[in-house]
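Since the structure comes first, as C-alpha cells, the remarks are kept for the end.
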Amino acid sequence: MANTSRRDDANTVQEAAPTPGKNAHERAYYRYLRGVGKFTIANFEALKRQPDVGDIDLRLAEGWATGAIGKPRPAGDSSRQGGGPGAATVEKFIPSFNVITPSTAALRPRPAYLIPGIVKPGEVTVWYGQPKSNKSSLLGDAYMHASLGWNWMGRELKRKMHCIFVAAERSEVTEQRLLSFMAAHDVRSRDFPFHIIVGDGFDMTDGDHCAALVSRIREYEKAHGPADMVAIDTLTQTFGDGNQNEGVAMAKYGRAAVALRREIGVDCHMHIIHHEPKAESGERFSRAGPKGAIDLLGIIEGAFQVREVGPEEDCYRELHCFRSNTIASGRILSFSYDVVPAGVTVDEHTGDDVEIDDIVCKPVEFKEFGRGAEGGSSATKGKKLTDIQAMAKSMLDVAMDMRAAARYEAEKSGIGLDEIKIDARDWRSKTKQKHGRNNLPPKDRANLDCNVSKALALLDSNEVVEVDKNDVKILKTKADWTSLKTCKR
C-alpha cells in the first residue's frame, strides 16, 4: 500500500492516545465499518493522513473506497441478512462478521448518555416494579421531558430526542398522562417528537409484528429523525404465547428485543416495562430482581427498579439500579407525583361533560426517616427515629440489597444459599456512597463516617447482624427489636 511507510515503528514511538471519532473522515470510516453510510475516495485520502489509523484499516478502507472489497453488512440489519425482525421472506440468517481492529475501536464515536447516569445509547434495559408502582408513569415522564429537550429529575439533557412509547396495554391511559403533562407544564406546542404507538396484540417474538412496528417508526423518523428511545409497555403484554417462568422462553424474548432494538437504530435505547415477583411479607417491593431475571439479564444490559417507600401518609417512590453493565447498583433518584386535570370528555351514555385527570411525576428529596414503613412492627411506623437509628436502618437496607445481589449470583452459579455473605468493608462503603459522601464538605463527611460507625455498633449490639473479621451475615432479628426495621432473611 502506498503509505505504509508514513509512520515510525510502532514499538519505538509513543503516540498520544487517539481521540475517538475526532473528525468527519474517521467517523465516516467507522460508520462504514458498521455497514452504515458511504465511504469515498476523498474520505480514504483524508484518512491516510491521520496518525491514529492502523495499516490494516487503511487496506480495508482503500478496498471499500475503490470498490475492490464489498461493503460490510449492517449489524442487525436483518432485512438484508435474514432472520430476526421482518425476515419472513429470507431463507437463512447470515451474521455480518464485520471486523473491529484496535485502531477502529479507538476511532469509534462514544455517544454521550441520553439521560446522564441512567440511559445509554445502544442498549436494552428493563424498568420493573410492583403493580401500581408508577414505573410506566416515571418512564413516560422521562420520555416527554427528553422529547422537549428539558432537564429531567435534576439531570441535564443536551438536546431534544425522538421518543416513542409503544403502549401494548391501556394506551388511553398513556394518552391521558401526555395531556396531564402538557397541562402541568403549560406545553402549548403540538409538534414535539413524542409519539404513542398503540400496540395491542404486539408479540415481540413475531418477526412480522416487529417488521410492522419498525415500518411505522420509520414514518415518524422522516419528520423527527432517528428514534433515540423506544419503550415497550409491557413485557407481559408482548410476550406472546410463551411462559415467563421458562428460561428458554424468556431468553427468546430477550434476544428478540435486542434484534428489534438494532433494527430500529444502532444508537437507539429500548426500555421494556416489566413486573417483579410478589414482595415478601412486610416488604413493599421484591429484592429478587424482575421476573425471569437470570435468563433476561444474561442478554440485555440492565434492570432498574421502581420502589414504593415511606409511611403511608408520606409515601414516595425511588428508582434503583438493580443490575447494569456500566451503572453502579443502588438508589438513583426519588420522586412523587401530583394529580393534574387532563381535559374534559363526554360521557357516551349521558352526554355529560366528564373531567379526566392523571398523575404527573415530580422530583423529591431523599427522605431517610421516611423508610420506616418498609417493614417493622406497627408500633414503630410513623415514629421519628434518631440519626443513628435512621442510619442503622439505612445500613440494613443496603445490606439486604447486597444480599439479594449475592443470592442472584449464587443461584446463577449454583453456590449454596447458606454460604452467602457480604463484605463488611464493602457494606460500609456502599452505605456512605448512598448518602453522597464524596460530595459532602469535610465536616459533614466526618459526621457521616461517625454515624456509620455508631450505627454498626447499634446493629451489632441488638444482634441483628453477626460481624466476623471480613464478612457480615444477615440474621433474623429479635422479635422485640422495635426501634429498627425488621429483616426476615
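A compact table of results
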quantity	calculated
Single match in Glu318, Glu263, Glu276 (criterion: touching a Ser or Thr at 6+ places or on another chain (Cβ under 9 Å), over 22 Å from Lys135 (Cβ atoms) and buried (at least 20 other Cβ atoms within 10 Å of the Cβ))	Glu263
Cβ-Cβ under 8 Å pairs, at least 6 apart or on other chains, the stretch 388-413 side charged (D, E, K, R), far side modelled with pLDDT of 75 or more and assigned to a helix (DSSP H, G or I)	Glu411/Ile294; Lys412/Ile294
Single condition Ser171 does not satisfy, out of (1) at pLDDT below 90; (2) touching a strand residue (DSSP E or B) at 6+ places or on another chain (Cβ under 6 Å); (3) under 22 Å from Arg262 (Cα atoms)	(3)
Pairs where the first residue, in the stretch 184-206, is within 14 Å of Thr234 (Cα to Cα) and the second is assigned to a loop (DSSP other than H, G, I, E, B) and among the aliphatic types (A, V, I, L, M), C-beta under 9 Å, 6+ apart	Val198/Ala168; Gly199/Ala168; Asp200/Ala168; Gly201/Ala168; Phe202/Ala168; Met204/Leu235
Residue list for the stretch 160-195, filter: among the basic types (Lys, Arg) and buried (at least 21 other Cβ atoms within 10 Å of the Cβ)	Arg177
Residue list for the stretch 288-332, restricted to those being farther than 25 Å from Thr236 by Cβ and assigned to a strand (DSSP E or B)	Tyr316, Gly330, Arg331
Residue count, the stretch 132-159 (criterion: buried (at least 17 other Cβ atoms within 10 Å of the Cβ) and either in a helix (DSSP H, G or I) or not small (Gly, Ala, Ser) (or both))	19
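The values are calculated or read from the model by the stated rules, or taken from the named source; none is laboratory data. Quantities reported herein were computed from a predicted structural model and do not represent experimental measurements. Note that each Cβ is placed from the backbone with ideal geometry, even for glycine, and that neighbours are counted across all protein chains shown.
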